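S.K.: Before we start, here is the structure in question, set down as structure tokens.
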């Protein structure tokens, strides 16, 4: 049984935080106790969490305030992503603060946004007002908390960015003394990998050990494990804080072998330009299958994330028949540490070096796989490591082409690559209605693409899925909701859906003039709230029209007359 203990490394923490915190005294964005539902650097699908999520007591419409003097430099409205967001520049501190998923802006800001939306005739906008338009003092009201965009519940996503570099910093550094955290990170699992026909673990390429925590706080030991050759290790871990039941990401990971530090990762900043490289930091194939984040304690050649320190890039050469003593240290921002030690026995074992794949692809070169019916072009530096690419083809297909399983494991790409599938039955008169589809059992999702010379070319950003070519000939569905009550409720509500290629555009008009419909990715309901400055109540009959188009150009139109 292994022991867990907590260490408060006050001196080390104070030194690393001093450079950021000695010149700032930011107020809280909220006037309620600071509790987090997510922390900085947390592992997410295809990105690191770039801020902290502030709890809002399970409700929306909590006042949100500027943390310091400054001015509003950007306002963004989107049905997905950050939803309604506001960006405040603070020149005196060299920072920018960001507040996302908000429900509504303060009145003057809201009026400006609506004016711009009506002028641009679209709901989704990205605005950069002149710095003289919205000057702010510390504590000025800027918005109200919400749950807009890609948000799973009421909260405020809050960031602090460096004004010059755009890098996001850990906001908790500035509010550390307002949150209690005496809880150490928790270990969930250990993984060992035999690296690319150069190493073996228990006669396998990789092995995963879920680790159970005992009631007394200790952890179960892993089974006897042997290895030979070049291996890498990984760890699955989470963190907790006082007064919440939420699970957080672990800030700092260290791995020792025979008391020598061989790997360290410390997530201090997030760069939006490299955040997708998280897919090289994690065991991407395991995450794709199981949705658990095993963090690799070795650095693949295409991984350029800046927060590593490592010997031999974290790889370990097991070349002696002896016991190797490994130890993980998991640490949070407050210096709480969990240690876990385990042994791996060096056992000389034959390593299979034979490649069994369609084509070997090196990470830093131009890569392609081409035959008569299928081609894949991966630009240089889009892989994080060399891979053994495989392709399986099934001609028993109900679609316009064979079905292609593009690689036997899930492999992330840093950028998009072109995939071309040639049609076996080119029967559609409207070629724009063709599109590549991704097949997952009985579920089909739209990738899209462009028809050219009997083939469809689309873009993908990972390997490991199954594809064919389908078609979308059905227009979006427009369904009015309680149309007879629109005038009474002073709002028009439409349910807009599309079964395959997705809604690409929509437009509502009353008497031929644009009206602003708002919507959110979590709902299929689109709403226009009557604007008295644009629609006067005088008993007039008005003609309402709503037009929607999907990704293949299929168009639907709904019209209705009402008196207001």
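The values are calculated or read from the model by the stated rules, or taken from the named source; none is laboratory data. All values derive from a computational prediction rather than experimental measurement. Backbone-built Cβ (ideal geometry, glycine too); neighbour counts: all protein chains shown.
S.K.: Can you go through 37, 89, 80 and tell me which one is at pLDDT 95 or above and assigned to a loop (DSSP other than H, G, I, E, B)?
M.R.: Numbers: 37 fails: assigned to a loop (DSSP other than H, G, I, E, B); 89 fails: assigned to a loop (DSSP other than H, G, I, E, B).
Among 37, 89, 80, only 80 is at pLDDT 95 or above and assigned to a loop (DSSP other than H, G, I, E, B).
S.K.: Counting just the residues of segment 504-527 that are more than 30 Å from the chain's Cα centre (by Cα) and more than 21 Å from residue 76 (Cβ to Cβ), which one comes out surrounded by the fewest Cβ atoms within 10 Å (Cβ to Cβ)?
M.R.: Once the filter is applied, the top-ranked residue is 512.
S.K.: May I pose another question? Sort out for me the strands (runs of 3 or more DSSP E) sitting completely within segment 407-470 that have 2 or more residues that are modelled with pLDDT of 95 or more and buried (at least 17 other Cβ atoms within 10 Å of the Cβ).
M.R.: Hits in segment 407-470: 411-422, 434-440, 443-448, 455-463.
S.K.: Among (1) over 23 Å from the mean Cα position of the chain (by Cα); (2) surrounded by fewer than 21 Cβ atoms within 10 Å (Cβ to Cβ); (3) farther than 30 Å from residue 67 by Cα, which single condition is residue 192 missing?
M.R.: (2)
Condition check ((1) out of contact with any strand residue (DSSP E or B) (no Cβ under 8 Å at 6 or more places or on another chain); (2) more than 15 Å from residue 327 (Cα to Cα); (3) touching a residue at least 60 places away in the same chain (Cβ under 8 Å); (4) surrounded by fewer than 23 Cβ atoms within 10 Å (Cβ to Cβ)) across all residues:
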position	(1), (2), (3), (4)
230	no, yes, yes, yes
244	no, yes, yes, yes
248	no, yes, yes, no
254	no, no, yes, yes
257	no, no, yes, yes
262	no, no, no, yes
266	no, yes, no, yes
269	no, yes, yes, yes
274	yes, yes, no, yes
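S.K.: If I filter segment 490-503 down to residues being at pLDDT 95 or above and surrounded by fewer than 15 Cβ atoms within 10 Å (Cβ to Cβ), which single residue comes out as nearest to residue 474 (Cα to Cα)? It would help to see each step written out before you state the result.
M.R.: First, the residues of segment 490-503 that are at pLDDT 95 or above: 490-498, 500-503.
Narrowing the set further to residues that are surrounded by fewer than 15 Cβ atoms within 10 Å (Cβ to Cβ) leaves 491, 495, 497.
Values: 491: 28, 495: 16, 497: 11 Å.
Only one residue tops the list, namely 497.
S.K.: Sticking with this one: Residues in segment 293-339 that are part of a helix (DSSP H, G or I) and in contact (Cβ under 8 Å) with a residue 60 or more places away in the chain: how many?
M.R.: Final tally of qualifying residues: 1.
S.K.: In segment 106-153, how many residues are within 26 Å of the chain's Cα centre (by Cα), buried (at least 20 other Cβ atoms within 10 Å of the Cβ) and farther than 11 Å from residue 65 by Cα?
M.R.: 4
S.K.: Of the residues 394, 402, which single one is in contact with a strand residue (DSSP E or B) (Cβ under 7 Å, 6 or more places away or on another chain), under 15 Å from residue 371 (Cα atoms) and crowded, with 18+ Cβ neighbours inside 10 Å?
M.R.: On the way: 394 fails: crowded, with 18+ Cβ neighbours inside 10 Å.
None of the other options fit; the residue is 402.
S.K.: Go through segment 471-490 and give me each residue that's in a strand (DSSP E or B), touching a helix residue (DSSP H, G or I) at 6+ places or on another chain (Cβ under 9 Å) and farther than 30 Å from residue 406 by Cα.
M.R.: Across segment 471-490, the qualifying residue is only 480.
S.K.: Still on this structure: Restricting to segment 357-367, count the residues that are exposed (fewer than 14 other Cβ atoms within 10 Å of the Cβ) and assigned to a strand (DSSP E or B).
M.R.: 1
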